[in-house]
1. Taking chain A as the reference, fit the longest principal axis to its C-alpha atoms, fit the long axis of helix A:123-140 to the helix C-alpha atoms, and give the angle between the two in degrees, 0 to 90, nearest 10.
2. Would you mind ranking A:Ser69, A:Ser430, B:Ser346, B:Ser379 so that the residue whose beta carbon has the fewest other beta carbons within 10 Å leads the list?
3. Using only Cα atoms, find the angle between the long axis of helix A:8-18 and the longest principal axis of chain A, and express it within 0 to 90 degrees, rounded to the nearest 10.
4. From the backbone phi of the range B:159-172, what are the Karplus-calculated ³J(HN,Hα) couplings (6.51 cos²θ - 1.76 cosθ + 1.60, θ = phi - 60°) in whole Hz, Gly and Pro given as x?
5. Within 10 Å of each residue's Cβ, count the other Cβ atoms and sort A:Leu90, A:Leu158 from fewest upward.
6. Of all alpha-carbon pairs in the range A:118-225, indicate the percentage at a distance above 24 angstrom.
7. Quick one: net charge of A:Asp32's neighbours, Cβ under 9 Å, K/R +1, D/E -1?
8. In degrees between 0 and 90, to the nearest 10, how far off the longest principal axis of chain A does helix A:76-88 point, with axes built from Cα atoms?
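Only the coordinates and a few stated rules stand behind these numbers; no lab work does. All values derive from a computational prediction rather than experimental measurement. Cβ coordinates were reconstructed from backbone atoms using ideal geometry, including for glycine residues, and neighbour counts include every protein chain displayed.
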Amino acid sequence: MQLDDLTADLLGATIRRALRHGGDFAEVFAEDRRSLGLSLEDRRLERAAGGRESGFGVRLTSGERTYYSYSDDLSETDLQRAADAVSAALRGGAGGAPVTNLGAVAAARGTAVVAVPPAAVATDVKAALLRAADDAARAADPAVSQVIAGYLESRQRLLVANSLGALVADDRTRVRFTVNVVARRDGVIQTGYESLGKSLGFEILDEDVAQSLARAAAGKAVTMLDARPAPTGPMAVVMGNGFGGTLFHEACGHGLEADGIAKGSSIYEGRMGDLVASAIVNAYDDGAIAGEWGSAAVDDEGAPTQHTVVIEQGRLRGFLYDGLRARDKGVAQTGNGRRQSFRHVPIPRMTTTCIAPGEASVDDIVAATDHGFYAKSLAGGQVEPASGNFVFGVAEGYLIEHGRVTAPLRGATLVGNGIDVLKSIDMIASDFEVKSGICGKDGQAVPVGTGQATLRIAAMTVGGTG
Amino acid sequence: MIDAVDRLLELALSRGAAAAEVYAEQSVTRRVKVFRGAVEELTSARRKGVGLRVFQEGSVGYAYASDLADESLREIVDMALANARVADHDPDSVLPAPREAPAAVEVYDPGLDQATDEQRIDLALAVERAALGADPRIKSVDESAYADGDAQVFIANSGGVRGQFREGHCYAYAYVLGEQDGQIETGLSFTVGRKPADLDPQGCGVEAATRAVELLGATKPKTTRTTVVLDPFVSASFFGVLSSALTAEAVQKGRSLFAGRIGEQVAGPGVTLTDDGIHPDGLASAPFDGEGVPCRRTPLIADGVLQGFLYNVRTGHRDGRDSTGNGVRGSYQSMPGVGPTNLVLSGPQVPLAELIGGIEHGVLVTNAIGIHSGANPVSGEFSVGISGLLIEAGRVGQPVHEVTMAGDIVSMLRSIVALGDDARWVPGGSVLTPSVVIEGVSIGGA
């Protein structure tokens, strides 16, 4: 059976079967995903791999308990088997919540139009972009010793039906291009990375785009060859735009996801309305920004995505909810119930998380900093939501001396605590930019975006080797 | 499943592939998460899929599918052949010849599937109970879970390699929050085995609680250069990151800091690192790897001297040597790469108490975060966030947090001066390691 063969009748019967011994809510999530990945390294296109996977998951919730069963066989037999598996946990029960009849499938209204479906473009055209990136990075500087370029496309078609009567279909296309450059000189090795990812089609890429990503990645790697070891200790930190948004994602965003709030394992629990950041900070999560990598028309429970204000003038205003935690709290879903695939239960996750831009210019911020560290690009990080402690690596960093950006610095990590750092943000520039990334939580990887302008943190700990 | 494997191999050859390899897997997995004495999430799953690698005119193409119907198999044959047409010619992409018998290692215990759902739930509850009961300062057990997997792996290639095995494993873990005076610290512990009876839920819960509670009252230490003791959890993360630089692929592609250093002293004397794909207790052990090559033991560092690298068939062919059985695959959806199996760090071991007793100033590091973003296996630089306990005059005392630890991996390896006697398996990367003492490491705090 294919995804399109799943009728409202069959889905409805599966939901009823799942609820027959009890439960508050049941859902079927089915998907069909095709993807293609190409990667080039060592001047050769060495990996060309694609495939198709399909499957479904049946979820039953009863109070705070969740029962889940999935299979990659889209068959009536396996749907029944999964419904039986989840309902068995409540056997002896007297029957669950009433099931609202499913109507016709509602197609989610897309946030953006895919102009050129990737599947309609010949594979060698995609391969040519990787070769163009390789050539451009190598031509950028003789120190470039290796280029790893990747192209990824996916089309995920999904169907979600639940006992509340939702029956929603979505069709998501994503394209991503990445370039990793290794530069080597006099025994020193450094790397540089750039990427472009959108929930759009092949129209986002062409030779110029591929080359400019490659040159930018090469520039970072080569610049860092001359870097000296970063200093260690507390100092003013100017955080770059785009990838710098990893700061907010790690330092605050994870703590706003409603599962941690429900369990009391987030430092933001019980702090609604409190000042948790400097008064110049306004922040939001937005899964509906047209065409963004972290966007989709609906989340993975079929709920529409939206713009959710989380911090307004430094005060905590909102959390990010999936259906389960929203129903439990009696609040509205925010379209943040996301999952990696049918093999996972949906949990509250960020989409594109942003700190709103301010009015300063980057030059103003640097000029106002007598001594500090300029973290122009971040490499990724990690947080413990319970303590708010976070860490992230700096991919491209510089020293700021007497209001000027001077020497490149390597090997730095920033550590701090979420609320402390957000409270020390004292300047925000206007150069807002969104970058794409992959976020991992509970063993599930989902596409996310970080949006931020350049900003300054009055003091935080830099860990270098100098 | 074996039937679908044979059909796919035949189909690939009949549709024009010069050579082909089929890798398939079929598994059942179960997971139970508990919270406050009740089931929070119970998951059961069936999974299957097949991946096809075709070789045509010196190029390789790959395709996979979860649907094993004939139409789907035809579709992936066509896709793999189309992908081979776009890939560049690669003289080193070859199939392994059927030479040796698979390694004799048992990686499935029937005790795994004799467990009932009730027993699985009880295990997760026992972990949570042990953690909550360990100390009054335990605020909650954020996650307490039991999970297991029973998988069958099949491989067949047109050169005559054919094999299958069944693998089973289970584990439980607790992630615990301790609280004191408004400060929250976290602790994590695991217990792993081939069957539920191998697990120690009590020990796991208590250890996770202890690891959280011992950090309560943590302050930021002064920025300094000092001796650090990495406990087995932290050591395992470091060696996990390091291992990517020990693959022949990283060396051949100019992104290994160990390239050209075979025979050189790269680590402190006594330090021995081995990739052991057939260790009876290693969860990454298997009769053969993702290309059907028998798993084995490969010395990487012996007494501090670099011995060699990890190879799959392709990187081996390029260097004119055999695969070391390290052709790893994430799943049926990926082509075989090169990576470690079980990493075993060994050497002369000294009782941990004696080691700590000999340190005037230092830090016992019990937790490191950001290792994957903060350690760069290409440049060798690392800078990570740590927490742990200060060592003063040979005694462990004041907890510290929000500290950075930075350096370069090679200098750090060379500065390993001793290993503890507390070697244990740490899952994730599957590393067997004791505590490691390293001198002269930069830490950043207040």
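1. With rounding to tens, the tilt is 20 degrees.
2. Working: A:Ser69 27, A:Ser430 14, B:Ser346 17, B:Ser379 23.
Listed from fewest to most nearby Cβ atoms, that is A:Ser430, B:Ser346, B:Ser379, A:Ser69.
3. 90 degrees
4. Once rounded to whole Hz, the list reads x, x, 6, 8, x, 7, 8, 10, 10, x, 8, 8, 7, 9.
5. Working: A:Leu90 20, A:Leu158 24.
Ranked by crowding around the Cβ, least crowded first: A:Leu90, A:Leu158.
6. Values: 2161 of 5778 pairs.
Tail of the P(r) past 24 Å holds 37 percent of the pairs.
7. Values: positive: A:Arg33, A:Arg34, A:Arg52, A:Arg155, A:Arg157; negative: A:Asp4, A:Glu31, A:Glu53.
Net of charged neighbours comes to +2.
8. 90 degrees
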